[in-house]
Amino acid sequence: MNRFFYLILLFAAAIGSIAFSLPWYVIGLLAIVAALPFRLRRRSGFWFPYIATLFVYGTYLTYVQIRNEGIMADRMGELFQVGSGWIMVIIAAVWGAFTAGLGGWLGVCLRKAVMEK
């Protein structure tokens with residue numbers, strides 16, 4: 001159980017410290033690099049970065065949504081016809097989490113392909 005929280009904290013710290021100042025796809029690259037040193041199963045390699053990114057992005061996007069009174073997210077929600085700006089916050093957090101999850105899964109697969117022969 002300690003390993004679970006340690007890995008979630010590791011992925012969340014990596015994503016939170018670097019990803020907000022760089023392009024969106026960097027979270028996938030961070031997840032690849034963070035998943036390489038650990039011997040994880042493929043399923044865990046996806047879910048650890050997914051949960052960490054969902055938490056970090058969800059928290060940050062909620063902060064931004066509240067801070068600017070939802071002006072930008074509401075406009076984006078109208079543009080994509082999803083309704084509320086809060087739905088855009090959820091979509092963005094899930095999209096970022098999925099990107100990080102795929103990156104972590106790829107990192108585990110690369111480790112298995114290269115290092116465990």
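Details
- Odd one out for residue 37, checked against (1) exposed (fewer than 12 other Cβ atoms within 10 Å of the Cβ); (2) touching a Lys or Arg at 6+ places or on another chain (Cβ under 9 Å); (3) part of a helix (DSSP H, G or I): (3)
- Scanning region 50-66 for residues that are under 8 Å from the mean Cα position of the chain (by Cα) and either among the aliphatic types (A, V, I, L, M) or on the phi > 0 side of the Ramachandran plot (or both) yields 51, 52, 54, 56.
- Selection count where residues are under 15 Å from residue 94 (Cβ atoms), among the hydrophobic types (A, V, I, L, M, F, W, C) and free of Cβ contacts under 8 Å to residues at least 24 places away in the same chain, scope region 36-75: 1
- Residue check for residue 26: over 12 Å from the mean Cα position of the chain (by Cα), on the phi < 0 side of the Ramachandran plot and β-branched (Val, Ile, Thr): no
- Residues in region 83-117 that are over 21 Å from residue 37 (Cα atoms) and modelled with pLDDT under 90 were compared, and the one that is surrounded by the fewest Cβ atoms within 10 Å (Cβ to Cβ) is 83.
- For region 13-33, the set of residues classified as at pLDDT below 75 and surrounded by 12 or more Cβ atoms within 10 Å (Cβ to Cβ) consists of 14, 15, 16, 18, 19, 20, listed by residue number.
The values are calculated or read from the model by the stated rules, or taken from the named source; none is laboratory data. Treat the numbers as computed from the prediction; the structure is a model and nothing was measured. Cβ coordinates were reconstructed from backbone atoms using ideal geometry, including for glycine residues, and neighbour counts include every protein chain displayed.
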